[in-house]
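**Q** Structure incoming, see below.
The values are calculated or read from the model by the stated rules, or taken from the named source; none is laboratory data. Here the structure is a predicted model, which means the values were calculated and not measured. Please note: Cβ atoms are built from the backbone with ideal geometry, for glycine as well, and neighbour counts cover all protein chains shown. Side chains are part of the model used for accessible areas, which takes the heavy atoms of the whole protein and leaves out ligands, DNA and RNA. Shrake-Rupley method; radii C 1.70, N 1.55, O 1.52, S 1.80 Å.
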Amino acid sequence: MSKPPILRTEQVCKRFGGVNAVDGIDFSVAEGELRCIIGPNGAGKSTFFKMLSGQLQPTAGRILFREVDITREERHRIARRGVAIKTQVPNVFDGLSAFENLRIAAARRLDSRGAAELARDILARVEMTAHADRAVGELAHGQRQWIEIGMLLAVDPALVLLDEPTAGMTKEEVARAAAMIRALANQRAVIVVEHDMKFVRMVDANVTVFHQGRILVEGPTDTVLRDTRVRDVYLGKAAH
Amino acid sequence: MSRGRDAATLMAVGLIGLAVAFSLPHLVEVFVLVELTAYIVFAMLALSLALVWGYAGILCFGQSIFFGIGGYAYTLGVMNIGESTLPVALGIALPMLFAAVLGYFLFYGRVSDIYLGVITLCVSLIAYNLINSLSGTEYKIGSVPIGGHNGIPGVPVVNMPGDSSRTFGFEEVFTLSLILLVAVYIGLRALLASQFGKVVVAIRENELRAELLGYDARAYKLVVFVIGAAIAGLAGVLFVNWGSFIGPTVFSIFFSAQIIIWIMVGGLGTLAGAIAGAVFIQWLSTWLGTNKIIDPNIVLGVIFIVLVLLVPKGLQPMLVERFKRRRRSETRSDTRSETNSRLGVP
Ligand SMILES: Nc1ncnc2c1ncn2[C@@H]1O[C@H](COP(=O)(O)OP(=O)(O)O)[C@@H](O)[C@H]1O
Ligand SMILES: [Mg+2]
């Protein structure tokens, strides 16, 4: 708890027409912390992530990264500060090979030999070496997720945002992803948005529950998943 | 390893280009050289859009703006100064400057793809109408009338740098044009093989992802746009040297549309295809024009519609893909017959 926050938001809001997608979020994550965000569909989780990564500008409020105000910064600048995001809808370079996807990511900070080496290394870590030369557009949804996660590893970020990273993955892959995400934390802060309660239990970190654009509860996995308000929000379905 | 092979290929292209550039004037009649020079000019213009649209994904409907600015800058420069070195530089620099300003608003204003097409088309129409209307003798730059819709005839051909008495003949204009085309081609290949070029292609594939990785897509696109304008401007300079004439039709919709047809015929995302597309379409329209079988514009229109509907990727990529597929199915049937024989099936 003594570690300083890497990311902090103050009363962040986002309105779309009449909809308050995000409605005054005060949120803080420490350096090296692993955090899960859960909440029903439409709770504002993806919108919140888009503001953190500069894809959307808040209607009100402030976002601070290591106490620097990044609320109105361009998304590539935020990325260069060390914020990397895996979006809910996979964003990869479909026409390029799996290897080239990772190499381009690595080349943002490494020279050409270093980037190629790291790309091969990461392909092995996400178990995609066999598909190195295939166009990412031809790969299955789960495999594309791994490529996108690999690209985040390649830029060596300080803060990793993962928006539903296990969608389209097999059971074994979900377990592997949970293990990898736990390993990622400590050297960097990780925030994961997830729907899959099994996954949230596997990760076993602090959980923040979003509901209608606000924070409903925050705390350790066990406490949060036992909370009756959380059960109500999920209509009792997801807690078992 | 493929890198070494690429370098060897480019070296060969360069040497063959040089050999042809210097030997052909001794081998063929002048009128053939003049005709070839026209193809070279159009091929150069095609390369500029092949880069901007084919590789960077910037759908510029007004690439001829830069061609026209280059041509007019050279013309007005050389007719005022009488020596061609500075005018040639102007014919490249002014299009770049204009592209830098226009591109700044387009990319940093995050204008969407379709609107970018519309805006560039409108800019070329404005240029067309502007130049068209400046036909009175009072519209001059320096001592040279702009000529309005009549254009400017009798433009001096380039001279040896610094020696305005040594102007180039048709042969030398051909040699110069071909060398420059080969140089631009090799330069673009090198650019696209570089880290910069790879990021440009990645931005075309997914701009959001590129930015979320920390690449400033706006800056990359602006640089490509300006390089494209330099090449188109150079093509415009050579165009004036080929025909000793420039007129406002270089800014017309028809002219801009033609460049897009060249690229569509040759295929998006290839440089050699763009050159082939330009040469083929220009040859076809000349042939149709001289034989008077059917109006070339109708044929071009039909080609355009057929391409958009049936072969949206262009001819060259389609042929390459066909070839690959045939090879793949051959290897597959090989392995199948192998397993079959192993299984004892004939
Ligand atoms: N671009 C948009 N325009 C209008 N409404 C949007 C937009 N993006 C999200 N919303 C709305 O904002 C709310 C929150 O959406 P989102 O952040 O995607 O939720 P979650 O990721 O938690 O499922 C929803 O009601 C959604 O319909
Ligand atoms: Mg979402």
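**Q** Would it be correct to say that B:A235 is more than 14 Å from every other protein chain (Cβ to nearest Cβ) and either in contact with a Phe, Trp or Tyr (Cβ under 6 Å, 6 or more places away or on another chain) or over 22 Å from B:F66 (Cα atoms) (or both)?
**A** So B:A235 fits the description; yes.
**Q** Can you go through A:E173, A:E194, A:E218 and tell me which one is touching a residue at least 12 places away in the same chain (Cβ under 8 Å), within 16 Å of ligand 2 (Cβ to nearest atom) and away from every other protein chain (no Cβ under 14 Å)?
**A** Being touching a residue at least 12 places away in the same chain (Cβ under 8 Å), within 16 Å of ligand 2 (Cβ to nearest atom) and away from every other protein chain (no Cβ under 14 Å) holds for just one of A:E173, A:E194, A:E218, which is A:E194.
**Q** Can you tell me which residue among A:L110, A:L118, A:L102 is among the aliphatic types (A, V, I, L, M), more than 9 Å from chain B (Cβ to nearest Cβ), buried (at least 23 other Cβ atoms within 10 Å of the Cβ) and not in a strand (DSSP E or B)?
**A** On the way: A:L110 fails: buried (at least 23 other Cβ atoms within 10 Å of the Cβ); A:L118 fails: buried (at least 23 other Cβ atoms within 10 Å of the Cβ).
So the residue among A:L110, A:L118, A:L102 that is among the aliphatic types (A, V, I, L, M), more than 9 Å from chain B (Cβ to nearest Cβ), buried (at least 23 other Cβ atoms within 10 Å of the Cβ) and not in a strand (DSSP E or B) is A:L102.
**Q** How do the helices (runs of 4 or more DSSP H) wholly within segment A:138-240 filter down when requiring 1 or more residues that are closer than 29 Å to B:G214 by Cα: which remain?
**A** A:141-154, A:171-184, A:197-203
**Q** Mind listing whichever residues of segment B:155-178 are over 15 Å from B:F239 (Cβ atoms), in contact with a Phe, Trp or Tyr (Cβ under 9 Å, 6 or more places away or on another chain) and surrounded by fewer than 20 Cβ atoms within 10 Å (Cβ to Cβ)?
**A** B:N159, B:M160
**Q** Has segment A:15-35 got at least one residue that is β-branched (V, I, T), away from ligand 1 (no atom under 16 Å from the Cβ) and away from chain B (no Cβ under 14 Å)?
**A** Within segment A:15-35 (the criterion being β-branched (V, I, T), away from ligand 1 (no atom under 16 Å from the Cβ) and away from chain B (no Cβ under 14 Å)), the answer is yes, since at least one residue qualifies.
**Q** Moving to a separate point now. Is it true that some residue in segment A:44-58 is crowded, with 17+ Cβ neighbours inside 10 Å and more than 16 Å from ligand 1 (Cβ to nearest atom)? It would help to see each step written out before you state the result.
**A** Taking segment A:44-58 first, the residues crowded, with 17+ Cβ neighbours inside 10 Å are A:44-56, A:58.
From what is left, the residues that are more than 16 Å from ligand 1 (Cβ to nearest atom) are none.
Within segment A:44-58 (the criterion being crowded, with 17+ Cβ neighbours inside 10 Å and more than 16 Å from ligand 1 (Cβ to nearest atom)), the answer is no, since none of the residues qualifies.
**Q** It is to be established whether one or more residues within segment A:159-170 are within 16 Å of ligand 1 (Cβ to nearest atom) and among the acidic types (D, E).
**A** yes
**Q** When the residues of segment B:206-225 are filtered to those that are facing chain A (nearest Cβ under 7 Å) and of a type in the set (D, E), which remaining residue is surrounded by the most Cβ atoms within 10 Å (Cβ to Cβ)?
**A** B:E211
**Q** While we're here: For segment A:51-89, name all the residues that are in a helix (DSSP H, G or I), farther than 16 Å from A:R15 by Cβ and more than 10 Å from chain B (Cβ to nearest Cβ). Steps first, please.
**A** Within segment A:51-89, the first condition is being in a helix (DSSP H, G or I), and the residues that meet it are A:51-52, A:75-81.
Retained after the next criterion (residues that are farther than 16 Å from A:R15 by Cβ): A:52, A:75-81.
If the condition is that a residue be in a helix (DSSP H, G or I), farther than 16 Å from A:R15 by Cβ and more than 10 Å from chain B (Cβ to nearest Cβ), then A:L52 is the only one that fits.
**Q** Now for a different question. Give segment A:18-68 a look and list any residue that's among the hydroxyl-bearing types (S, T, Y) and away from ligand 2 (no atom under 16 Å from the Cβ), or say none.
**A** Within segment A:18-68, A:S28, A:T59 meet the criteria.
**Q** Only one of (1) outside any loop (DSSP other than H, G, I, E, B); (2) open to solvent by less than 50 Å² (accessible area, probe 1.4 Å) is not met by A:P40, so which one is it?
**A** Unmet for A:P40, out of (1) outside any loop (DSSP other than H, G, I, E, B); (2) open to solvent by less than 50 Å² (accessible area, probe 1.4 Å): (1).
**Q** A further question on this structure: Which condition number in (1) within 14 Å of chain A (Cβ to nearest Cβ); (2) small (G, A, S); (3) surrounded by fewer than 22 Cβ atoms within 10 Å (Cβ to Cβ) is the one that B:A202 fails?
**A** (3)
**Q** Run A:R201 past the list (1) modelled with pLDDT under 95; (2) surrounded by 15 or more Cβ atoms within 10 Å (Cβ to Cβ) and report the number of the one that doesn't hold.
**A** (2) is the only condition that A:R201 fails.
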